[in-house]
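The values are calculated or read from the model by the stated rules, or taken from the named source; none is laboratory data. On a predicted model such as this, the values are computed, not experimentally measured, just so you know. We place every Cβ from the backbone using ideal geometry, glycine too, and count neighbours over all the protein chains shown. Accessible surface areas use protein heavy atoms only, side chains included; no ligands, DNA or RNA. Shrake-Rupley method; radii C 1.70, N 1.55, O 1.52, S 1.80 Å.
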Amino acid sequence: MAHAPGGARRLYSTLERAKVAVGAAAHGPSGIQFPSSAADMNIHEKLRQFQSDLDDANAKEKAALELALASYIFDKNDTASASIEDEEDHDIEDQQETDTDGSIANIRPQLEPGDLIELTSSTGPYFAAITAVFPIGSIRHIQFVASDSTWGYKVFSIARQPTFAIRRFFEMSELTIIKQHLPNRFLPPVEFGQEQHSRGVLQAEISCAVLEKIQTFQKEANGIYRQHATRIDNAFDLLAKPDGPTFISLEEITRKVLDIDNSTPVPEETLYAVHKACILYNAGFLLDQCHWRSRQFELLSKEEAELIEQIRRWTRQHSENMVRRSHGQEISQKSVLDMFTNEIRPVVLKNRKNRESLTGGKLGPSKRQLDELQRGNLSYKSVLGSPISPNSVLIFKFLKIWSDRKFNYRGRHLLLGLASEILKYTGLYNDDILIKGGGPSNLLKECGVMAPWQAPGYVSGRWSDPYPDKNAPGSKLLTQAQKEIEAGQTQVDYMKELRHDFGNMLVFCIDSASTIDVDDGISLERTSEHGTYWIHVHIANPTAFISPLSRISQLAQFLRTSIYLPDQIHRMLPFDFIREKLSLRSGSPTLTISTKINMDGIVLDRQVCNGFIHNVLHITPDMVRESIGGAPLSSIPRSKFVVGHFPIPAIEQERSASPLSAEAINDLQIMEMLGNAWGVREAKARNHKWSFGEMPRASINVYHQEREDVDATHFRQFFGDPTISLSASPWDLWSHFPIRPKRHRELVESLMQLANNSAAEWCAHRGVPMLYRGCSFGIRRDFNAEAARPAQYSGNIAADFQEFCRRRSNVLIDTRPELSTRKIPHEIVGVNAYLTATSPLRRYDDMINHWQIEAVLREEARLGRPMVEHDSCRFPFPEDSLKKEITKSIDMSRVYITRSRRAVGHWRDEFLTRGILFDECKDLPKIFTLYIIYARDSTLQGVIAELSIMTALRTDQISAMNKPPEVGQIWKVKPEKDSLHSHVISWQLVDRVT
């Protein structure tokens, strides 16, 4: 299929790598008749059209780019990894938009020059034109010119994003004059001003053309609002549901409110008029955290919106009473907030005898621990207190809404201030807690309405976290899905007649002993050709039993993915359905992706079929490592630190206690060699010449008993705390050079990548619209290919660390992942086509791809021949529908990744607070080792070696030093409490090691 990449550099390199697939064998595995795999020549012909458009500079960049492809890519935690499993978890973070020819639906999350963005300030929203982007490390400094002729820089984080954006609003030629009067690089604070984001001022005549275009846009949007003000202002009443939040796009709101049919394009001016009204005049519209890109709103229920209005009235009444009181006037009736304060004060003061109130919405650990008799198998217990009055229940509900969704109130200063006003009126919180945030969470926890260790809002409104909320949309869909299962609506296997029986072929399912949702297995089949094998990847097959329109599918679509947190798991599909029906075991139905490959790593054929497997062996990664000659995970030294008194459960028994047979070990060794040969071949084709090794991460686990429902009907007090363990690898990255221990997922990763590539090529050859994944590289302007080449490590940790930092500062780190309905190259994996299909129990995108593949298999069975590109097939997801799914996938994946990181960060902070500040972990050293890796904004960042965690040194800590620390140095540091009530740990420099 034709493909329109997003930039000349990637087009050129893609063209050079376009290949004709090796001819396929006439027969598939086990004698099944399969169609041949022919090469897709259209892509080569289409790309050739672009070759003549490239000038010499682009050709030179291509050479540097191909050299740079060797480097591992550092993610947000600066972990170097070339694995697709890691990449899949983070690839929506930096989605790039490419020019579309109607066949590609891509969304670019990164802001670029020429974009118009809406920002917020204390005086309200304002527009700004992006004039330049200056990447420094992994940070993109946005240079902008605001609608008041000022200019400056901004760095956007998840919590600090534009509220609206129009892509390519300005042609670059329109910004030429302005750019001539602005710096052509990022100016750090020391050069630019006292503050990080101070602004300069442009002369009016320089910026007038740009400002006139912005003002024209605003004027037209205001005119549209005035024309439809009544209907737009009533949007919430029209769209909101009485009993639960709704997720809806800005375009959907606009079409429904203004009665615009789907065939009519909606102008940006109209969209902005509705957007502005929603965020300024309707408390029930909450912005998605990446609203500028997704343009998604969460509509509160009518009940929640009415609650917010009620709270506003109560705070206004209290303010009026305070004014009257200050003038000596009598107050006829106490305000609701006065009564609320009188009710909660004794409860809070009593709880403070057991727990200290800290900043950041955190409480200290329980001073009163459960004794042995009380404890048993409990880590904590709650004591029910007095009932809460009805009005106080409403205030607590509001504070919970605010805590869970505070990031979505950006631009709503009145709403953001409501919670702070309530806290100030109580007189229970000092400025340290009020200013540094988290106060509403402190109050909820000190009243027992939230558990003391609970992190509000780190999952999503889509999940109930961490206690069940029966009114949440996800909970309702889960109930409906379970009813479908109980009614037997998942008993029919729609692919039964097309399944191939793999007989007694040994299938390895490689997972940890505790894994329940086993969604893939691998097997090896020998052929009559010497050195040639079929590798089969057998995948759980939920889509054969549920339709895309079922309630189970709607639940999966709503959640999009399973999420695994230190203290809980939220599964995309019902737990019992996975355990009893879908998780792979002997006798399971599968979707099987088969690849015929030789020992040189050359793929000879690719096939897909539904099947049955009967001989499944569940083994652990350690067993695989030992079988193929690697060291088991248990042999890699790790430090384990624990806070809490609840006993950690013993490690579960291995899945297979008996040793593997010689035949099984031989199969594993051959599959490892085939996977490595394929990976090495693909890497050589793309000049992958070196790697960085892995930065170890801390593994955090939380242990406590079954959760209990916590609601706002009664006060509670909690005694005891969950047990938290932090397991860390020694952070001497350089001890693994030049030979590192094999990673435990290496075999599985390589074969999953191979299967996903085979499925993508198989589908692309047939012209099937799928959710294809790609990833391209962008190179830094100052990229130095020679400086990025690896040196031989000496074994001297100090010297090797400095060499590591030197190399890291010279490598390419700008990855640009994509989703498309047509195949696109994936530079990290190093293939021309890629999709994900190996985890349908935890990723909705994989389920979509399964439904599409099964539609092809049914059509080919009907035709009696392989499908070709122009065959008509009734797909469950036509191309237009898939484009919408791409947008949803990007939006929700980004949010869930952020929530997952917050969850890990929350429990890491809980561990550090209790272990260091409250001295619960006696095994922790008093002095730690800090490896300083890079500078970011006004901080130096590095790794605390003993804990395998990232941390930062602020400039105010080091500015007074005669010789401040630098990147590449190793220091001894000690932890100190930031302030009296702070939960923040500052790492103070003690002594330089190197």
Hey, could you check the range 543-570 for residues that are of a type in the set (Val, Ile, Thr) and under 30 Å from Val904 (Cβ atoms) and say which is surrounded by the most Cβ atoms within 10 Å (Cβ to Cβ)? Ile552
If I ask for residues that are open to solvent by less than 70 Å² (accessible area, probe 1.4 Å), of a type in the set (Ser, Thr, Tyr) and out of contact with any Ser or Thr (no Cβ under 6 Å at 6 or more places or on another chain), which ones from the range 321-353 would you list? Ser335
Could you give me the residue pairs with C-beta distances under 8 Å whose first residue belongs to the range 229-256 and is within 13 Å of His275 (Cβ to Cβ), whose second residue is surrounded by 20 or more Cβ atoms within 10 Å (Cβ to Cβ) and of a type in the set (D, E, K, R) wherever it lies, and which are 6+ apart or on separate chains? Ser249/Arg295; Leu250/Arg295; Glu251/Arg295
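Could you check the range 319-340 and list, in sequence order, the residues that are aliphatic (A, V, I, L, M) and assigned to a loop (DSSP other than H, G, I, E, B)?
Keep residues of the range 319-340 that are aliphatic (A, V, I, L, M), which gives 322-323, 331, 336-337, 339.
Scanning the range 319-340 gives a single hit, Ile331.
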When the range 815-824 is checked residue by residue, the ones that are open to solvent by less than 10 Å² (accessible area, probe 1.4 Å) and either among the aromatic types (Phe, Trp, Tyr) or modelled with pLDDT under 90 (or both) are Pro817, Glu818, Leu819
Reported set for the range 852-871 where residues are among the hydrophobic types (A, V, I, L, M, F, W, C) and open to solvent by less than 10 Å² (accessible area, probe 1.4 Å) is Ile853, Ala855, Val856, Met867
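Given the residues Val274, Val257, Val336, Val266, which is the only one that is more than 30 Å from Phe169 (Cα to Cα) and among the hydrophobic types (A, V, I, L, M, F, W, C)? Step through it out loud before you land on a result.
Working: Val274 fails: more than 30 Å from Phe169 (Cα to Cα); Val257 fails: more than 30 Å from Phe169 (Cα to Cα); Val266 fails: more than 30 Å from Phe169 (Cα to Cα).
Exactly one residue qualifies, and that residue is Val336.
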From the residues in the range 290-302 that are out of contact with any helix residue (DSSP H, G or I) (no Cβ under 6 Å at 6 or more places or on another chain), in a helix (DSSP H, G or I) and at pLDDT below 85, which one is nearest to Ala221 (Cα to Cα)? Trp292
Only one of Leu582, Leu591, Leu604, Leu573 is of a type in the set (A, V, I, L, M), within 29 Å of Ile853 (Cα to Cα), open to solvent by 20 Å² or more (accessible area, probe 1.4 Å) and at pLDDT 90 or above. Can you tell me which? Leu604
Helices (runs of 4 or more DSSP H) completely within the range 212-289 that count 1 or more residues being within 29 Å of Asp880 (Cα to Cα) and open to solvent by 20 Å² or more (accessible area, probe 1.4 Å): 235-239, 250-258, 268-281
With respect to Glu694, is the statement that it is among the acidic types (Asp, Glu), outside any helix (DSSP H, G or I) and either in contact with a Pro (Cβ under 6 Å, 6 or more places away or on another chain) or modelled with pLDDT under 55 (or both) true? yes
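Within the range 380-390, can one find any residue that is crowded, with 21+ Cβ neighbours inside 10 Å, farther than 19 Å from Arg316 by Cβ, at pLDDT below 90 and of a type in the set (Ser, Thr, Tyr)?
Step one: list which residues in the range 380-390 are crowded, with 21+ Cβ neighbours inside 10 Å, which gives 380, 388.
The next check asks that each one be farther than 19 Å from Arg316 by Cβ; those that pass are 380, 388.
Subset that is at pLDDT below 90: 380.
From the residues that got through so far, the ones that are of a type in the set (Ser, Thr, Tyr) too are 380.
Yes, that holds for at least one residue.
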Can you spot a residue in the range 515-523 that is at pLDDT 95 or above, touching an Asp or Glu at 6+ places or on another chain (Cβ under 7 Å) and within 23 Å of Ala662 (Cβ to Cβ)? no
Would you say Arg874 is in a helix (DSSP H, G or I) and open to solvent by 40 Å² or more (accessible area, probe 1.4 Å)? no
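Among the residues that make up the range 199-206, is at least one of them at pLDDT below 95, within 22 Å of Lys888 (Cα to Cα) and acidic (Asp, Glu)?
Residues of the range 199-206 that are at pLDDT below 95, as a first pass: 199-206.
So of that shortlist, the ones also within 22 Å of Lys888 (Cα to Cα) come out as none.
Among the residues of the range 199-206, not one is at pLDDT below 95, within 22 Å of Lys888 (Cα to Cα) and acidic (Asp, Glu), which makes the answer no.
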Tell me which residues, restricted to the range 127-186, are at pLDDT 85 or above, aliphatic (A, V, I, L, M) and touching a helix residue (DSSP H, G or I) at 6+ places or on another chain (Cβ under 8 Å). Ala129, Ala132, Val145, Ala165, Ile166, Leu175, Ile177, Ile178
When Gly830 is run through (1) modelled with pLDDT of 85 or more; (2) open to solvent by less than 10 Å² (accessible area, probe 1.4 Å), the failure sits at (1)
